Each structure stands twice: as C-alpha cells, then as structure tokens.
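Taking it in order: structure first as structure tokens, then the write-up.
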Amino acid sequence: IAHEALHTFGASDKYDPSTLMPAFPDGYAAPDQQPTLPQAQAELMAGRIPVKPTEARIPASLGQTVIGRRTAEEINWVRK
C-alpha cells in the first residue's frame with residue numbers, strides 16, 4: 001500500500017518491469033555499499049531486496065524498507 005500511495009505523490013517505480021529486479025542505483029537501499037550485494041533493505045519503490053545479481057526477495061515488513069534519495073526528490077521530501 002505504501003508503494004502505491006507514493007505513486008500519487010509523484011514517485012516512480014525503481015525496478016525492471018520485465019524481471020522485477022531493483023534497478024541500480026535508484027532501486028537499491030544502499031547503492032554505495034561495498035560489496036553492493038547482498039543488500040539488507042529494499043528501496044520502497046523497488047519493492048524487493050536485491051541479494052544476488054539475479055535474485056531479490058520481498059521484504060517481510062516496512063521495517064526492511066527505506067525511501068531512497070531519488071524517490072525522496074520525486075515526492076519533494078528533499079531538494080534535487
């Protein structure tokens with residue numbers, strides 16, 4: 001519900017619609033993390049936690065999600 005609600009405020013999807021994999025970098029909760037994978041959280045508008053290059057899992061709760069920089073800009077929480 002939170003993901004869909006953010007669309008009404010201007011947030012775009014951050015995943016590849018053909019694979020449902022989070023798009024790098026905007027679809028990653030911590031794109032600067034080294035190593036990049038596995039991630040511990042999901043970017044809300046990506047909807048999944050990337051754990052391997054071709055594998056992502058659905059977070060168990062909103063506690064495992066963050067709103068990334070690009071999404072925050074789109075919904076005007078931060079300045080571009």
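The values are calculated or read from the model by the stated rules, or taken from the named source; none is laboratory data. Here the structure is a predicted model, which means the values were calculated and not measured. Using ideal geometry, Cβ is built from the backbone for each residue, glycine included, and neighbour counts are taken over all protein chains shown. Heads up: the accessible areas ignore ligands, DNA and RNA and are worked out on the full protein's heavy atoms, side chains in. Shrake-Rupley method; radii C 1.70, N 1.55, O 1.52, S 1.80 Å.
What the table below lists for this structure:
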{"read-out": "Complete set of residues in region 44-62 that are of a type outside the set (V, I, T) and more than 18 Å from A11 (Cβ to Cβ)", "value": "P50, K52, P53, E55, A56, R57, A60, S61"}
{"read-out": "Top-ranked residue in region 24-68 [being among the charged types (D, E, K, R) and more than 11 Å from the chain's Cα centre (by Cα); ranked as surrounded by the most Cβ atoms within 10 Å (Cβ to Cβ)]", "value": "R57"}
{"read-out": "Filter pass, T8 being under 19 Å from W77 (Cα atoms), open to solvent by 40 Å² or more (accessible area, probe 1.4 Å) and hydroxyl-bearing (S, T, Y)", "value": "yes"}
{"read-out": "Answer residue from region 11-22, given it is free of Cβ contacts under 8 Å to residues at least 60 places away in the same chain and out of contact with any strand residue (DSSP E or B) (no Cβ under 6 Å at 6 or more places or on another chain) and is surrounded by the fewest Cβ atoms within 10 Å (Cβ to Cβ) among those", "value": "S18"}
{"read-out": "Scan of region 40-80 for residues that are at pLDDT 95 or above and over 18 Å from A2 (Cβ atoms), ordered by number", "value": "A40, P50, V51, K52, P53, T54, E55"}
